[in-house]
Amino acid sequence: MLKKLRCFVVPLAMLVMLAVGSLSAEPVAIKYILWDANQLPAYQKVADDFMAKNPDIKIVIDQAGWNDYWTGLQTSMVGGTAPDVFTDHLAKVTDFASKGQLVDLASYVKRDKVDTSIYLPGLADLWTKDGKRYGLPKDWDTIAIVVNKDIQKEAGVTDADLANLTWNPKDGGTFQKVLAKLTLDKNGNNGMSPNFDPKNVVRYGMEIQHSDDRGQSQFSCLALSTGWQYTDGTFKANYHFDDPRFIQTIQWMLDMTKKGFICPYDVTALSNSTLFPAKKAGATLDGSWMIGYYANSVDFPVAFVQTPIGPVGRKSMTNGLADSIWIGSKHKEEAWKWVKYLASAEAETTVGTFGVVFPAVKAGVDNALAAYKAKNMNVTAFTDLATGKNTTFVYPVLDNGVKVSEIMVQAFDTIFLGKGEVAATLKAANAKVNALFK
């Protein structure tokens with residue numbers, strides 16, 4: 001009997017030790033990174049809520065600017081020090097996936113019976129390819145025109161003028177006339193005056209940012225309004241940067257810079273505008289993710305206006321972000337738990353209350369609209385574009401995104417810096433892009 005008791009006491013002691021050890025164990029740290037500083041407070045709140053429900057997991061959030069963000073991710077992945085979870089973008093996901101750097105979430109979604117029908121139509125499908133899933137939707141956006149209301153009033157441009165803008169690549173429509181009115185030279189002449197001096201502009205009609213091959217807040221709304229398409233469909237490697245309609249769109253933009261209505265090309269302006277906040281441009285094109293910036297960081301009233309109506313109608317690119325898990329994460333189950341919560345209705349409705357983005361679930365969108373309304377901001381231009389008939393087109397999800405972007409950025413540099421003719425440059429660039437897939 002005594003021997004049996006000893007045999008029982010020893011395991012019991014071990015159980016006690018294990019219990020004490022588990023109580024003193026440190027929570028698993030999951031590193032999470034995003035690029036938008038405006039969204040940091042919202043996601044810190046989401047992280048706090050998550051950690052309250054999951055005390056065995058600690059979420060450590062980092063933030064880096066757009067350019068440093070992607071460079072840092074690639075470097076840290078190669079070095080084996082990348083964050084467990086990161087905010088991913090449709091322009092980048094296929095490159096990460098092709099290198100085997102992302103966890104396929106399909107089995108996790110199936111195992112945990114995650115309901116992907118809670119998201120707004122089409123968003124969940126953007127993150128799948130060949131049966132694999134690399135993210136769950138967190139938000140969506142559209143592109144609209146942002147106008148300095150003070151400059152608009154001074155230039156004599158009415159709200160009705162802005163509500164019914166038209167555009168075509170031949171004469172620019174009423175959109176070009178509005179840009180001319182918003183433009184001012186050093187002598188106080190606007191672009192409609194016969195005395196206007198395009199070589200001495202003190203305020204441009206519009207600042208257009210210049211960046212990549214998608215031209216999300218640069219040329220996309222104009223080019224697509226002509227009926228032009230990037231390719232024949234998702235993952236179809238037949239680019240159309242040599243299409244006459246695209247060439248005409250870029251030619252019009254170049255002509256507007258020569259007229260002084262659009263700001264000169266700046267190869268350093270890879271994200272966010274600088275002239276518009278400084279009141280040196282009357283308008284700019286930007287995405288709904290920047291609403292919070294315009295609400296809190298400029299000292300003048302702004303209006304958000306729908307993109308102009310082109311030859312085939314009004315168009316705006318729509319995009320959606322998701323969170324991906326790095327394949328090298330040592331804590332994939334905990335990382336998945338975090339990603340699953342980030343994409344939950346609970347988390348996205350919380351994000352909506354901060355009024356910085358439109359979350360991927362309707363309740364989150366409703367909260368965001370209420371937050372914007374409380375700030376006296378009318379953001380219906382973005383939502384009207386999203387709900388309009390045939391007004392949106394999905395951000396192109398394409399293979400070889402990084403290489404395609406490099407080729408096209410070089411082409412745009414050549415064109416807008418006056419080093420090459422538009423048609424010839426774009427045709428040559430398109431040939432290089434399509435050669436990547438042969």
Going by what's in this entry, would Asp130 be described as free of Cβ contacts under 8 Å to residues at least 24 places away in the same chain, under 30 Å from Val93 (Cβ atoms) and either among the charged types (D, E, K, R) or surrounded by 21 or more Cβ atoms within 10 Å (Cβ to Cβ) (or both)?
yes
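Given the residues Lys389, Lys373, Lys403, Lys332, which is the only one that is among the charged types (D, E, K, R) and at pLDDT 95 or above? It would help to see each step written out before you state the result.
Details: Lys389 fails: at pLDDT 95 or above; Lys373 fails: at pLDDT 95 or above; Lys403 fails: at pLDDT 95 or above.
Every option except Lys332 fails the conditions.
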Of all residues in region 164-189, which are closer than 20 Å to Arg245 by Cβ, polar (S, T, N, Q) and part of a loop (DSSP other than H, G, I, E, B)?
Asn168
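Please specify each residue of region 401-422 satisfying the condition of being farther than 30 Å from Ala97 by Cβ and either surrounded by 16 or more Cβ atoms within 10 Å (Cβ to Cβ) or among the acidic types (Asp, Glu) (or both).
Pass one, region 401-422, residues farther than 30 Å from Ala97 by Cβ: 414-422.
Within region 401-422, Thr414, Ile415, Phe416, Gly420, Glu421, Val422 qualify.
Out of the residues in region 93-113 that are charged (D, E, K, R) and in a loop (DSSP other than H, G, I, E, B), state the one that is farthest from Asp125 (Cα to Cα). Write out each step before concluding.
Initial filter on region 93-113 (charged (D, E, K, R)): 95, 99, 104, 110-113.
Now narrow it down to the ones that are in a loop (DSSP other than H, G, I, E, B): 99, 104, 112-113.
Values: Lys99: 21, Asp104: 14, Asp112: 18, Lys113: 16 Å.
Result: Lys99.
Any chance region 148-155 includes a residue that's closer than 30 Å to Val397 by Cα and either crowded, with 19+ Cβ neighbours inside 10 Å or free of Cβ contacts under 8 Å to residues at least 12 places away in the same chain (or both)? Talk me through it step by step, then tell me what you get.
Here is the first cut: in region 148-155, the ones closer than 30 Å to Val397 by Cα are none.
The answer is no; no qualifying residue exists.
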Could you pull out the residue among Leu126, Leu90, Leu73 that is outside any loop (DSSP other than H, G, I, E, B), hydrophobic (A, V, I, L, M, F, W, C) and under 17 Å from Asp399 (Cβ atoms)?
Leu126
Picking from Val85, Val60, the residue that is closer than 24 Å to Ala25 by Cα, surrounded by fewer than 16 Cβ atoms within 10 Å (Cβ to Cβ) and either of a type in the set (Val, Ile, Thr) or out of contact with any Leu (no Cβ under 7 Å at 6 or more places or on another chain) (or both) would be Val60
Just to be sure I understand, how many residues within region 194-211 are modelled with pLDDT of 95 or more and in a strand (DSSP E or B)?
6
For Tyr239, which of the numbered conditions (1) in contact (Cβ under 8 Å) with a residue 12 or more places away in the chain; (2) under 25 Å from the mean Cα position of the chain (by Cα); (3) surrounded by fewer than 15 Cβ atoms within 10 Å (Cβ to Cβ) fails to hold?
(3)
Of the numbered conditions (1) modelled with pLDDT of 90 or more; (2) farther than 24 Å from Ala278 by Cα, Arg214 fails exactly one; give the number of that condition.
(1)
Which condition from (1) part of a loop (DSSP other than H, G, I, E, B); (2) touching a Pro at 6+ places or on another chain (Cβ under 7 Å) is the one that Asp139 breaks?
(1)
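In the list Thr387, Thr391, which residue meets the criterion of being within 30 Å of Phe300 (Cβ to Cβ) and touching a residue at least 40 places away in the same chain (Cβ under 8 Å)?
Values: Thr387 fails: touching a residue at least 40 places away in the same chain (Cβ under 8 Å).
Step by step, each of Thr387, Thr391 is checked, and only Thr391 is within 30 Å of Phe300 (Cβ to Cβ) and touching a residue at least 40 places away in the same chain (Cβ under 8 Å).
The values are calculated or read from the model by the stated rules, or taken from the named source; none is laboratory data. Since the structure is predicted, the reported quantities are computational estimates derived from the model, not experimental observations. Here Cβ is always computed from backbone atoms with ideal geometry, including for glycine, and neighbour counts include all displayed protein chains.
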